[in-house]
Amino acid sequence: MDSFVHLQVRSEYTLLESTCRIDTLVDRAASLGYSALALTDRNVMYGAHKFYKRCKERKIKPLFGLELDVEVEEKAKGTLLLIAVNLTGYQQLMALSAQSQSRSETWVQADFFYRHSSHLIVILPEERNPVASLDREHAREVIQAMRERIGPDRLYVGCLPAHLPESEERASWIAFADAMKMKRVACGNVSFLSEEDKKWRRCLEAIRSNRPLEDVSPLEWREEHVLFSASYAEQAWAHDDRAMTNTVAIADRCSVEPDQLQTTLPSPDHREERSRDALRKICFQGANERYGRLDKQVVERLEHELAVIEKIAFEDYFLIVWDFMAYARNAGVLTGPGRGSAAGSIVAYCLYITDVDPLAYGLLFERFLNEARVSLPDIDIDFPDHRREEVIAYVRNKYGAAHVGQIITFGTFGPRAALRDAGKALGTPQALIERLIRALPSSVATLTAARTSDPKLLELLKENEQANTLFQYAEAIEGLPRHTSLHAAGVVLSARPLSEVVPTAGEGPLTVVTQFPMEDLEAYGLLKIDFLGLRNLTLLEQLRDEVQRVESGTGEAPGGLPMDDPQTLEMLASGKTTGIFQFESTGMQQVLKKLKPTTFEDLVAVNALYRPGPMEQIDVYIAGKHGRREVNYVHPDLAPMLSKTYGVIVYQEQVMQVAVQIAGYSLAQADLLRRAVSKKDREELENEKASFVNGALANGYEEETATKIYAWILRFANYGFNRSHAVAYSFIAYQLAYYKTHFPLVFFSAYLSMVENDKGRLGKAIRELKNQGLHLYPPAVNKSTESFTAEEKGVRFPLQIITQVGRQVSRKLILEREKRGAFVSFINFCERTAHLPVNRRMLANLIKAGAFDDLYSDRAKLLASTDRAFEFVDFERDLGQLFERGSGDFRYADATPFTQEEAYMYEKEVTGFYLSGHPLDKYEPLIAMRAPLALAEAEQAPVKTELWTMGAIEHIKQIRTKNGQTMAFLQLSDESATCEVVLFPNVYRQVNHELEEQRYVFVRGKRTVDQYGNKIIADDVIDVERAQDEAETVLYIKWTHESHTNEQSRRLKKMLQKIPGFSQVRVYNEKTNQLFAFDDRYRVRINDELRSNVKLLVGEENVAERKRSESIS
């Protein structure tokens, strides 16, 4: 029998105030021989379920409590230690915890506390209790009132372990309790598990209070203790047996099983019908709408799925989702075609939950719902991100706010965050913190694993004591919860009010919030529905609505677009996929150019394959598609499952189909095999192997064949992707691509508006828009709206992106224009906006952006006249009605007109982009010779593969290497990104005379990645003016009868490609009397090395250099 039970224990979920991790805490209690243990986090119950579950595993009786901040009277505020006696008491704890978090102050008011304390043990802890700061007379009155409201049998005073010598405060508290005839109970006040943890507790306090560690005194929590043993307790309370005995008595008195608080889904409104009948009726009605005449395949699939759904009592779940999806459709909300494995369900398709026909695309229901699987799936629904809350509000209003909840999540200290936060607390130099972070191997999940697996990191920690100290602190706090957040999409629904089932945390921005994360909620009968906001659906919805408007209501909705449109597939094959969901990365663009998709299935496959691991199969797939390799199968019977993907396992469903074909599995069994393969559990895989081989033998296959196929499954199955998800998301991509192909101006105006705050994406889209021959018109005070807008042959830039203008002022300017008509002149604009917050800087920026070009085209004069304009408006206002004056009296200041380059630079200064032109426009033929990648594209290019890029040199930094040589780092920028270019000494020596800040240069080099990010290692840097000069020079080579052989020609081309540049190479063939030019791939940089090598090859007399304007005899 226990002699002592810990009744006051805070865990990691008293955020940043305890180092006790739940599992470790319970394990430690078990190792100390305790048969009961309490969890009493401060005001919260975040860890209650994990605590309960672990206690059950370790056969320890769980006691549930709180340290609750209560205001028992106006001046009597403090902490009460509460323990639930039974399940009702546990629910009272939930109510008190929710109340403490629903107020701006955490203090729970006395009336609410007393109404929810009838089944609680109430302990006044020795420290921070509500009467601690009161004089004794007042304290007696408060405790007497509490005793009357709570009852003497549930009210205790806590006492901490005795100090030697005993403090006056403690002696006074014990005497006061005795005088009040209060029962005493021993409280360990636990917040760490070992003496060493006190260091980490101090670090957490420094982080929590944003103080340096040296400013945090351990005396601040001197009464907190480790989880000590019963023998230690017997010594600490040696003179207070009753306090010890009361801990055991309280533990014996309390018994709570929280998982008795079960709920179900709320009942959807389907009149008097049973759920199964309602679901069946709606499904067949939808099937008739979807398919027209119902054939045998449709009916059998529907009946099969409905039977499984009914067997696991999942009807209400489907009906709830059907109901809010019907609301969304009726409200004009564009819903996603499907997400995850739910797209494999014909029931979901017939309920209009998904828009992917599982029969047409060969999708499997068992990948979604499998009666043999222990856990039930959830349905994830995509909505336009600006309308997600609208649908959640509908659900909340339908079922009641108390029955609909958002889900809490916990942000924990990750490896890098732990190093940063601990480093800040310790005062570690920032450079050392960043050095440690860069030294972390990217593939290692934890700091401890990194320490043991990375030799370089281990060496750094051994060499640098400060680094090792920081690492120890970071290891200690890594994984602890740091803050709370909300699940990005998850919502739970309950037939009972959520607050009766699980702890809640008051109101979130949309609904009540659970204190348990999703993985804990399932134990109480709660299922999650994910309401996801997808920005690309917002874009698709806008495109749908705008096309409907442009086409006068005759345009096709996304779901009705032809899925085999040649122009759309051609656009995708060109790689011009900026703004196309899932297909817009530089790497994916390269894949599409190689793939040249001709069917929607090609898009689905490449979408599934473009991930780490499976990516290596992309070239295999492409070679198979284009007939460049023979498609082979491990066994001929696999051809029906793999022929569409040219022998490559692309989808998880293919693994399931192989198991059905070869081993005679049911689809439900095949799904379990798929899950076993993904989990990589060796024992489970061996069991599955035996089952697979036996099934294959029974199906008439040889054991060797079965073993070979099973090994092949294990090798490639992890590459498989969820086909249902790939099809659904490829639908969105294809629909966007269709609109982009057939309505480019509508697409670009909507997409540019969507990414207006993302300079990289905005720049990339603007480049593609211009490359398609469309115009980007500068902002105009009489034409710009609050977003990018389509005009004839182009898109108009909005006002709000201009520096200093912003959305609010832009809106006011547009409102003024709509109310009183277009602005008729520059000074008219100034007069009419005098009451608006348009200052001199803002006006100047509007001028620089070209916003007044339609009213007065000389930007230099306008810019010089801003002060004069403000004075003119002020003077007119002062004159009032005394004189008649008009804006025609305004005179512009004289100024020299801007050059084109000056106008371009001002545009870029205030908008971030060149609008009316580009400083490099005059170099377009030169740029076309090398087709350099934009820097954003270069950062996505294959590593260590030669590339050309270009940009302006923002900054040059020279350094000396260890052996005294000079090298340099360039900060190169263009409209898409900024990138570091490294010039090692051998390159720097050759090009340093061409390097100048703010000059445009071509860079030839290779992308590399290190701990600092992307870099380009330069092999050559060519100033754009130098490149222009090179392009004016032609290298002539004459092939004589003797020298012209195929081998010589190959050698020459190889030689030319070693020194690429901009000078064209022309060859005169003496034998045929023909002069021809090599294509741009063989343009060269003419230098002494090239001259020497070419002359050696063909003879000095057969080489000449001429300007393009010169002839050669």
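For the residues Ser753, Ser724, Ser749, the requirement of being crowded, with 23+ Cβ neighbours inside 10 Å and not assigned by TED's automatic domain parsing to the domain that holds Leu572 singles out Ser749. All conditions but one from (1) more than 20 Å from Leu970 (Cβ to Cβ); (2) touching a residue at least 12 places away in the same chain (Cβ under 8 Å); (3) surrounded by fewer than 20 Cβ atoms within 10 Å (Cβ to Cβ) apply to Trp1039; the one that does not is (3). Within region 142-161, the set of residues being in contact (Cβ under 8 Å) with a residue 40 or more places away in the chain, over 30 Å from Ile477 (Cα atoms) and in a loop (DSSP other than H, G, I, E, B) comprises Arg154 only. Among the residues of region 127-136, none qualifies, meaning not one is free of Cβ contacts under 8 Å to residues at least 40 places away in the same chain and of a type in the set (Gly, Ala, Ser). Filtering Ala659, Ala676, Ala690 for residues that are aliphatic (A, V, I, L, M) and either outside any helix (DSSP H, G or I) or surrounded by fewer than 17 Cβ atoms within 10 Å (Cβ to Cβ) (or both) leaves a single hit, Ala690. The residues of region 452-486 that are outside any helix (DSSP H, G or I) and either touching a Gly at 6+ places or on another chain (Cβ under 8 Å) or surrounded by fewer than 19 Cβ atoms within 10 Å (Cβ to Cβ) (or both), listed by number, are Asp454, Asn464, Glu478, Gly479, Pro481, Arg482, His483, Thr484, Ser485, Leu486. Selection of strands (runs of 3 or more DSSP E) fully inside region 969-1029 by the criterion of at least 2 residues being among the basic types (Lys, Arg) returns 1000-1010. Can you pull out the residues in region 805-834 that are outside any helix (DSSP H, G or I), in contact with a Phe, Trp or Tyr (Cβ under 9 Å, 6 or more places away or on another chain) and surrounded by 17 or more Cβ atoms within 10 Å (Cβ to Cβ)? Of everything in region 805-834, those that are outside any helix (DSSP H, G or I), in contact with a Phe, Trp or Tyr (Cβ under 9 Å, 6 or more places away or on another chain) and surrounded by 17 or more Cβ atoms within 10 Å (Cβ to Cβ) turn out to be Phe823, Thr833. Whenever a residue of region 299-320 is closer than 20 Å to Leu667 by Cβ, its partners that are surrounded by fewer than 20 Cβ atoms within 10 Å (Cβ to Cβ) and of a type in the set (Asp, Glu), lying with C-beta atoms within less than 7 angstrom and at least six residues away or across chains, give the pairs Val308/Glu371; Lys311/Glu371; Ile312/Glu371. For region 721-749: of the residues being outside any helix (DSSP H, G or I) and out of contact with any Pro (no Cβ under 8 Å at 6 or more places or on another chain), which is modelled with the lowest pLDDT? Across region 721-749, the extreme among qualifying residues is Asn722.
Can you say whether Glu909 is charged (D, E, K, R), part of a helix (DSSP H, G or I), closer than 22 Å to Thr803 by Cβ and without any contact (Cβ under 8 Å) to a residue 24 or more places away in the chain, as far as the supplied structure shows? So Glu909 fails the test. Criterion first (more than 21 Å from Lys644 (Cα to Cα), small (Gly, Ala, Ser), surrounded by fewer than 17 Cβ atoms within 10 Å (Cβ to Cβ) and free of Cβ contacts under 8 Å to residues at least 12 places away in the same chain) does Gly587 satisfy it? No.
Residue-level check: of (1) over 27 Å from Pro384 (Cα atoms); (2) in contact with a helix residue (DSSP H, G or I) (Cβ under 7 Å, 6 or more places away or on another chain), Asn288 misses just (2). Within region 9-55, the set of residues being over 39 Å from the mean Cα position of the chain (by Cα) and in a loop (DSSP other than H, G, I, E, B) comprises Leu32, Gly33, Tyr34, Ser35.
Considering region 912-932, the residues that are aliphatic (A, V, I, L, M) and not in a helix (DSSP H, G or I) include one that is farthest from Lys759 (Cα to Cα), namely Ala931. Do we find that Phe64 is more than 19 Å from Val185 (Cβ to Cβ) and in contact with a helix residue (DSSP H, G or I) (Cβ under 6 Å, 6 or more places away or on another chain) in this structure? Criteria not met by Phe64.
Yes/no matrix, rows are residues, columns are (1) surrounded by 24 or more Cβ atoms within 10 Å (Cβ to Cβ); (2) charged (D, E, K, R):
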residue	(1), (2)
Leu80	yes, no
Ile83	yes, no
Met94	yes, no
Gln101	no, no
Ile121	yes, no
Ala132	no, no
Arg140	no, yes
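At least 1 residues being within 30 Å of Ala790 (Cβ to Cβ) and among the basic types (Lys, Arg) is the threshold, and among the helices (runs of 4 or more DSSP H) wholly inside region 549-653 those reaching it are 586-595.
Just one of the listed residues (Ala331, Ala313, Ala348) is within 17 Å of Ile381 (Cβ to Cβ), more than 28 Å from the chain's Cα centre (by Cα) and not basic (Lys, Arg), and it is Ala331.
Consider region 609-633 and keep the residues that are under 19 Å from Val658 (Cβ atoms) and free of Cβ contacts under 8 Å to residues at least 60 places away in the same chain. The one that is surrounded by the most Cβ atoms within 10 Å (Cβ to Cβ) is Tyr621. Evaluate region 708-719: report whether one residue or more is under 25 Å from Phe365 (Cβ atoms) and of a type in the set (Gly, Ala, Ser). Yes, region 708-719 has at least one match.
Note on region 528-540: residues that are in contact with a strand residue (DSSP E or B) (Cβ under 7 Å, 6 or more places away or on another chain) and either closer than 17 Å to Thr409 by Cβ or crowded, with 21+ Cβ neighbours inside 10 Å (or both) total 8. Put simply, of Lys764, Lys759 the only residue that is charged (D, E, K, R), crowded, with 18+ Cβ neighbours inside 10 Å and either under 24 Å from the mean Cα position of the chain (by Cα) or over 22 Å from Leu799 (Cβ atoms) (or both) is Lys764.
Between Arg293, Arg280, Arg301, the distinction of being more than 36 Å from the chain's Cα centre (by Cα) and assigned to a loop (DSSP other than H, G, I, E, B) belongs to Arg293 only.
The values are calculated or read from the model by the stated rules, or taken from the named source; none is laboratory data. Please read all numbers here as calculations on a predicted model, not as lab measurements. Every residue, glycine among them, receives a Cβ derived from its backbone with ideal geometry; neighbour counts consider all protein chains shown.
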